[in-house]
Amino acid sequence: MRKLIVSMFLVLPQAVLLACQCSGPATPCAAAAGADAVFTGTVISISSPTQEARRLTGKFPEKPMPGYLVRLRVGSVLHGVPAGQEEMEIGTDDARSCGFGFEVGQAYVVYASRIAAGWLQTGRCSGTRSIDEAAKDLAFFRERAGLPSSGSLRVHTNAEGARQKGPLTIALEHDGSRAFKAKPNRQGEFFFPSLPAGSYTLHYEQDGDMEGDPRVQVRPNGCMETYFHRAPRMTGRLRLRSGEPAAHVEVGAVDGQDLTIVTTMTDEQGRFALRAMEGDPHYLGVNLVDAATGRAPYPRWFHPGTSDRAAATKISFAGERESRYFELTLPDRLPERTVEVVVLNADGTPNASATVRIVTARGDEVANTRGRGSPFLVSLLAGTRYRVLGTTSGLDGLSPTAADPVEIEAGTEPVHLTLRLPWRSGSPTEDQQRPGAIGH
């Protein structure tokens with residue numbers, strides 16, 4: 001005889017019951033939508049494994065376990081109990097957690113959900129009730145007897161306002177395919193009847209391939225209801241000045257405080273799609289987060305064509321849910337500037353084995369000498385700030401060391417830098433003066 005563990009609750013004191021505020025599911029179908037196992041059963045016995053463990057060890061158990069176990073003899077099964085299962089052991093934790101009051105010898109309709117600790121759990125808010133009060137539940141059992149173990153899904157959305165520009169379509173992605181589709185009614189609700197049990201991803205087809213779609217679990221015999229807020233979005237295409245698509249360039253939007261809201265990369269055709277946030281104005285542009293790099297040698301730039309956010313177009317979605325389309329053209333590529341770096345030892349002699357790294361203000365590495373000698377020449381994008389770092393590894397028997405970093409401000413003129421390493425531990429002159437970094 002097999003056993004399953006379900007978590008339920010014992011009779012609770014009136015003062016504790018008053019602390020539990022919930023209305024519970026409105027219908028048996030709604031209760032089944034949130035339950036992994038639905039059945040009728042009669043209580044055989046009640047025990048307390050938590051109290052027993054505390055009596056034996058003098059302390060509460062370290063591993064999770066039900067505070068109480070209630071054993072039921074299984075009667076009718078709607079779903080979630082294996083065929084031939086005769087008994088269920090029911091766990092309960094704290095009586096203050098909206099527990100259900102069970103009594104030995106009494107029969108109940110049980111709606112139970114599996115919790116992270118592994119057993120099934122129910123309570124006063126799940127729909128579980130005495131068999132004497134379960135006329136509607138028993139009728140629902142009879143209605144579903146012999147029918148396919150499918151469920152339904154009703155999706156409440158904010159789609160009503162968007163219907164004026166054409167109805168939306170929600171597609172449910174299940175088992176790798178989008179086989180279930182529906183359009184909204186006048187209230188903006190989408191209804192999917194007779195769905196196979198399982199996990200589904202809700203997706204607006206008009207949103208294209210965008211991340212962040214929610215997932216929902218549809219259980220057998222259940223009437224699942226959920227909410228799917230369709231966020232406003234910005235779509236469009238980014239082009240070079242020649243008219244060709246600008247592929248793999250970062251497009252993003254920031255708010256009025258210049259905090260990043262959303263970013264994405266354009267595809268091979270220069271297309272992009274961004275989920276927007278309602279409320280604060282959006283400022284759309286390129287390279288709003290990342291500094292210009294060899295892959296995207298463009299300045300920080302806002303729509304419709306400015307580097308000054310104050311002069312950029314304010315895009316507001318307050319009260320609107322539809323998509324907005326933008327045609328963007330990249331600004332001219334940034335010119336290059338030459339940077340020459342010389343690394344000197346503390347005594348003023350050139351250090352040919354030092355490593356010179358150049359990083360953007362964000363920390364992205366754009367150059368690394370790795371001991372190529374001195375001086376080191378590199379072409380960097382103008383109009384961008386950089387930091388130059390000089391280090392030694394210590395492989396020559398002396399201690400590793402690093403010169404003070406030097407900042408390169410945005411500009412177009414060539415830059416000549418000298419990095420002077422400090423005296424190194426193990427050097428015969430390490431107690432001499434320690435010059436710092438020099439830039440000119």
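What about SER150, is it farther than 30 Å from GLU62 by Cβ, surrounded by 14 or more Cβ atoms within 10 Å (Cβ to Cβ) and among the polar types (S, T, N, Q)?
So SER150 fits the description; yes.
Output the residues belonging to segment 296-345 that are touching a Lys or Arg at 6+ places or on another chain (Cβ under 9 Å), part of a loop (DSSP other than H, G, I, E, B), among the polar types (S, T, N, Q) and more than 30 Å from THR401 (Cβ to Cβ).
SER307, the sole residue that qualifies.
Quick one: in segment 218-235, which of the residues that are assigned to a strand (DSSP E or B) and within 30 Å of SER113 (Cβ to Cβ) is modelled with the lowest pLDDT?
Only one residue fits best here, namely PHE228.
Can you pull out every residue in segment 236-250 that is in a strand (DSSP E or B) and either of a type in the set (Phe, Trp, Tyr) or farther than 14 Å from THR313 by Cβ (or both)?
ARG237, LEU238, ARG239, PRO245, GLU250
Which one of these is under 22 Å from TYR386 (Cα atoms) and at pLDDT below 75: ARG300, ARG337, ARG370?
Values: ARG300 fails: at pLDDT below 75; ARG337 fails: at pLDDT below 75.
Result of the check over ARG300, ARG337, ARG370: ARG370.
Which of the residues belonging to segment 96-111 are modelled with pLDDT under 90 and surrounded by 19 or more Cβ atoms within 10 Å (Cβ to Cβ)?
CYS98, GLY99, PHE100, PHE102
Return the pairs, sorted by first residue and then second, in which the second residue is modelled with pLDDT of 85 or more and acidic (Asp, Glu), the first residue lies in segment 113-130 and is closer than 21 Å to PRO220 by Cβ, the beta carbons are less than 8 Å apart, and the residues are 6+ apart or on different chains.
SER113/ASP36; ARG114/ASP36; LEU120/ASP36; GLY127/ASP137; ARG129/ASP137
The values are calculated or read from the model by the stated rules, or taken from the named source; none is laboratory data. All figures in this text were calculated on a predicted structure; none of them were measured in a lab. We place every Cβ from the backbone using ideal geometry, glycine too, and count neighbours over all the protein chains shown.
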